[in-house]
Amino acid sequence: MSDETETQARRRVVVVGAGMAGVQTAVALREQGFTGTVTLIGAEPHQPYDRPPLSKAVLLGKAEGSAFDVDFEALGIELRLGLEVLGVRPADHELDTEGGPVPYDVLVLATGAEPIRLPGTEGVPGVHLLRTLDDAERLRPVLARQHDIVVVGAGWIGAEFATAARDAGCAVTVVEAADRPLAGACPRRWPRRWRPGTPTPGRTAHPRARGPRRAR
């Protein structure tokens, strides 16, 4: 074993965040021949999963989950799930977690974005966020009861949720700060089928409604 290979084998890479970016990072390290330890930390207790299906198939009960098809054990990737990271001490090369300190040589932060709560909505019945598998499962019975739904945000998640809610038989109103849906993701000339302010059956759009900025 060369000195370089031996040094690499002793290096510890810790990836914080078990979503798409974190999982792809961990898998890519192995695919590119990294022989040191790779630890993937996720705050949720669930097996790492893909988020896009949460606002579609999982939300409508057409799928129970969207776990990544990755054999972490075979790849030698250590999973530490249900573990919240509290902070990082760069000088010590350690993470502070609920389960104690975790040392690292290389740290990758892949935690993604957190939705911003509207002021005054904390703990209010009938107000929900959609980011996690647990969020989607809590929203299933809401859609099943065919309530009138107001969606704040017409980015990808908001638009997909609105579509899923309509499929479930709910009347849906979408409130968006920009002048059109998907403003941060798509050119102004697209999409044409859902123009702001032009309701489709059971769905109403209100562009330029101002509120806290949020991750899309």
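The values are calculated or read from the model by the stated rules, or taken from the named source; none is laboratory data. In this text, all values refer to a predicted model and were calculated from it rather than measured experimentally. Neighbour counts are summed over all protein chains in view; Cβ atoms, including those assigned to glycine, are modelled from backbone coordinates with ideal geometry. Ligands, DNA and RNA are stripped out before the accessible areas are found, and what is left, the full protein with its side chains, is counted by its heavy atoms. Shrake-Rupley method; radii C 1.70, N 1.55, O 1.52, S 1.80 Å.
Quick notes
- Dividing the mean sequence gap of close Cα pairs (under 8 Å, 6+ apart) by how many residues the stretch 131-190 holds gives a relative contact order of 34 percent.
- Each residue of the stretch 49-54 was assigned a 3J(HN,Hα) from its phi angle through the Karplus curve 6.51 cos²θ - 1.76 cosθ + 1.60 (θ = phi - 60°); the sequence is 9, 8, 8, x, x, 4 Hz, with glycine and proline shown as x.
- Computed from the alpha carbon positions, the gyration tensor of the stretch 1-98 leads to an equivalent ellipsoid with semi-axes of 29, 18, 9 Å, biggest first.
- Distant-in-sequence amide H partners of residue 174 (H built 1.01 Å from N, under 5 Å): 151, 204, 205, 206
- The stretch 13-49 versus the stretch 83-119: alpha-carbon centroid distance in Å: 14
- Note, ³J(HN,Hα) from phi for the stretch 133-147, Karplus 6.51, -1.76, 1.60, rounded to Hz, x at Gly and Pro: 4, 5, 4, 4, 5, 5, 7, 3, x, 5, 5, 5, 7, 6, 6
- Each residue of the stretch 60-74 is assigned a 3J(HN,Hα), and the resulting list reads 8, x, 7, 8, 8, x, 9, 4, 5, 7, 10, 8, 5, 5, 5 Hz, derived from the Karplus form 6.51 cos²θ - 1.76 cosθ + 1.60 (θ = phi - 60°), x at Gly and Pro.
- Filtered trypsin sites (Lys or Arg not before Pro), the stretch 9-84: DSSP coil and at most 15 other beta carbons within 10 Å: 11, 62
- Relative contact order of the stretch 38-118, defined on C-alpha pairs under 8 angstrom at six or more residues apart (%): 27
- Residue 134 sits with roughly 50 Å² accessible to a 1.4 Å probe, with DNA, RNA and ligands left out of the calculation.
- Order of exposure, largest accessible area first, which applies to 34, 72 with probe 1.4 Å: 34, 72
- Solvent exposure of the stretch 1-140, expressed per residue, is 58 Å² of accessible area, with all protein chains present and a 1.4 angstrom probe.
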